Amino acid sequence: MTLSDDTSHVHPPKRSAEPFQAMAMAVERASTVVFDDLESFERRIDRLYDGFSYGLYGTPTSRQLEDHIAKLEGGSRALVVPSGMAAITLATMTACRGGERVLIPETLYGPARDMVGRFLAQLGIEATLYNPRLDGGIAELIDRRTRLVWVESPGSATFEVQDVPQVVTAAHEAGALVAADNTWASHLYFKPLARGVDMSMQALSKHAGGHGDLLMGSVAVHDEALFRRLKDTARFLGYGVSPEDCALCERGLMTMPVRMRHAEATAREVMSWLSRRSEVAQILHPSVATHPGHAVWKRDFTGSAGVFSLVLRPDLAETQSEVLRHFRLFRLGASWGGVHSLIAVSDPRKGRTGLGWLRPGPVWRLSIGLEALDDLLADLSQAFELFAESRQDGTAMADTST
């Protein structure tokens with residue numbers, strides 16, 4: 001059949017059937033998926049969970065990433081969605097309906113707490129905050145309407161470690177599911193599914209992506225029926241992911257162990273240096289012997305992320321803004337897990353209880369990247385010296401950032 005030029009622009013020659021193997025993931029884009037016969041077309045919805053029916057519901061590229069994540073998590077199935085926030089929303093909406101309850105630790109990712117309290121409340125889903133140090137004591141908060149218990153261990157900003165097996169036992173005895181935000185440790189250092197958790201969630205934007213240039217989240221499970229419920233909820237919410245982002249995430253996974261181990265080793269040296277500084281009142285990291293949940297971290301985790309917080313002396317609150325402007329390598333940014341070192345400033349005491357162990361003063365969260373240790377220490381040193389200068393003469397600090 002001879003085609004006109006116009007039609008030939010739309011229908012290129014069929015690709016060669018010769019096998020082609022490459023080390024990189026193939027990027028296959030699609031919105032429309034076509035079928036060879038009417039029967040296959042009419043039964044395309046049957047292919048939602050394992051095959052391909054429409055680009056929004058999965059492509060070979062996204063399925064390959066999902067299979068990889070499921071394997072790394074120790075699960076049977078995984079689903080990728082547009083962000084970590086989307087993954088938290090998905091898991092919660094899959095488990096809970098109007099009139100039911102979800103328990104969330106006070107340390108849960110801040111925007112997720114806001115979403116549960118403001119958005120899901122409009123759908124009749126009641127959210128109850130709990131102290132992350134309750135562990136098995138959470139049983140007293142679980143009633144017949146509770147369908148889901150979230151854990152985030154270690155928690156955001158303050159990094160308390162929860163006894164996840166104890167929480168799982170209490171929740172399952174009451175018929176509730178457990179979901180874990182495992183972004184900090186990732187599957188590399190902690191496997192929630194092996195500890196009885198029903199849904200293991202990660203913000204792949206962090207360690208997996210690793211370069212601060214993609215947004216994606218994942219939920220991994222053991223149970224096929226639960227996976228199908230998640231898949232249906234994702235479909236109804238219109239969640240889809242870019243194949244290009246999937247390929248970037250897959251590439252990030254390949255280097256993730258090397259990056260995380262480097263960041264962990266560097267972070268330990270940075271924490272050691274900071275612990276000797278008079279400006280620092282407290283280091284918040286599970287590896288610190290006095291940190292809440294340290295014993296559980298040693299028992300359950302195989303390593304730690306290069307993300308931690310420090311508490312400055314209270315009297316430094318007025319000068320911290322000027323000091324932060326003088327960093328050369330550390331940049332202010334509300335993220336972590338990438339190749340660049342970051343600082344985020346927050347007040348974790350807002351809306352929290354049971355923080356009597358946390359010393360007063362400004363809280364900085366540091367994410368250690370891939371820069372050389374000596375360079376990071378030099379950057380910290382020159383910035384921290386500004387604290388000393390401000391105390392000595394009480395004058396405005398000179399601009400040394402140029």
- Message: Condition first: in contact with a Gly (Cβ under 7 Å, 6 or more places away or on another chain), among the aliphatic types (A, V, I, L, M) and under 17 Å from TRP357 (Cβ atoms). Now tell me which residues in the range 289-344 satisfy that.
- Response: VAL311, LEU312
- Item | Positions within the range 52-71 being of a type outside the set (A, V, I, L, M), assigned to a helix (DSSP H, G or I) and within 26 Å of ASN182 (Cβ to Cβ), in sequence order | TYR57, THR61, SER62, ARG63, GLN64, GLU66, ASP67, HIS68, LYS71
- Does SER153 satisfy the condition of being of a type outside the set (Lys, Arg) and farther than 30 Å from SER309 by Cβ? no
- Item | Meets criteria (surrounded by fewer than 19 Cβ atoms within 10 Å (Cβ to Cβ), outside the structural domain of GLY369 (by TED's automatic domain parsing) and assigned to a loop (DSSP other than H, G, I, E, B)) for ASP213 | yes
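Can you tell me which residue among THR2, THR32 is free of Cβ contacts under 8 Å to residues at least 60 places away in the same chain, of a type outside the set (A, V, I, L, M, F, W, C) and under 28 Å from CYS249 (Cα atoms)?
So the residue among THR2, THR32 that is free of Cβ contacts under 8 Å to residues at least 60 places away in the same chain, of a type outside the set (A, V, I, L, M, F, W, C) and under 28 Å from CYS249 (Cα atoms) is THR32.
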- Taking LEU103 as meeting all but one of (1) more than 17 Å from the chain's Cα centre (by Cα); (2) over 24 Å from SER218 (Cβ atoms); (3) crowded, with 23+ Cβ neighbours inside 10 Å, write down the number of the exception. (2)
- Task: Go through LEU226, LEU230 for me and flag whichever is assigned by TED's automatic domain parsing to the domain that holds LEU90, surrounded by fewer than 21 Cβ atoms within 10 Å (Cβ to Cβ) and among the hydrophobic types (A, V, I, L, M, F, W, C).
- Result: LEU226
- Query: Considering the range 334-376 alone, what residues qualify as being free of Cβ contacts under 8 Å to residues at least 24 places away in the same chain and part of a loop (DSSP other than H, G, I, E, B)?
  - Reply: ALA334, ASP347, ARG349, LYS350, GLY356, ALA372
- Counting just the residues of the range 224-250 that are more than 23 Å from SER31 (Cα to Cα) and in contact (Cβ under 8 Å) with a residue 40 or more places away in the chain, which one comes out farthest from the chain's Cα centre (by Cα)? GLU224
- Message: Given the condition surrounded by 24 or more Cβ atoms within 10 Å (Cβ to Cβ) and touching a residue at least 40 places away in the same chain (Cβ under 8 Å), answer yes or no: does some residue in the range 137-149 qualify?
- Response: yes
- Specify which of the listed residues (LEU193, LEU188) is in contact with an Asp or Glu (Cβ under 7 Å, 6 or more places away or on another chain) and either without any contact (Cβ under 8 Å) to a residue 24 or more places away in the chain or closer than 24 Å to GLY74 by Cα (or both). LEU193
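Would you be able to say whether some residue in the range 333-353 is over 24 Å from the mean Cα position of the chain (by Cα), of a type outside the set (Lys, Arg) and buried (at least 17 other Cβ atoms within 10 Å of the Cβ)?
Within the range 333-353, none of the residues are over 24 Å from the mean Cα position of the chain (by Cα), of a type outside the set (Lys, Arg) and buried (at least 17 other Cβ atoms within 10 Å of the Cβ).
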- Flagged in the range 236-293 as surrounded by fewer than 16 Cβ atoms within 10 Å (Cβ to Cβ), assigned to a loop (DSSP other than H, G, I, E, B) and not assigned by TED's automatic domain parsing to the domain that holds HIS340, in numbering order, are GLY238
- Item | Filter result (more than 9 Å from HIS326 (Cα to Cα) and at pLDDT below 50) within the range 377-401 | THR395, ALA396, MET397, ALA398
- Message: It is to be established whether one or more residues within the range 108-130 are closer than 29 Å to ALA176 by Cβ and touching a Pro at 6+ places or on another chain (Cβ under 7 Å).
- Response: yes
- Note on the structure: Of (1) over 30 Å from VAL197 (Cβ atoms); (2) in contact with a Lys or Arg (Cβ under 7 Å, 6 or more places away or on another chain); (3) at pLDDT 85 or above, ALA70 fails just (1)
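The values are calculated or read from the model by the stated rules, or taken from the named source; none is laboratory data. Only a predicted model underlies this, so the values are computations on that prediction, with no experimental measurement involved. Reconstructed Cβ throughout: ideal geometry from the backbone, glycine too, with neighbour counts over all protein chains shown.
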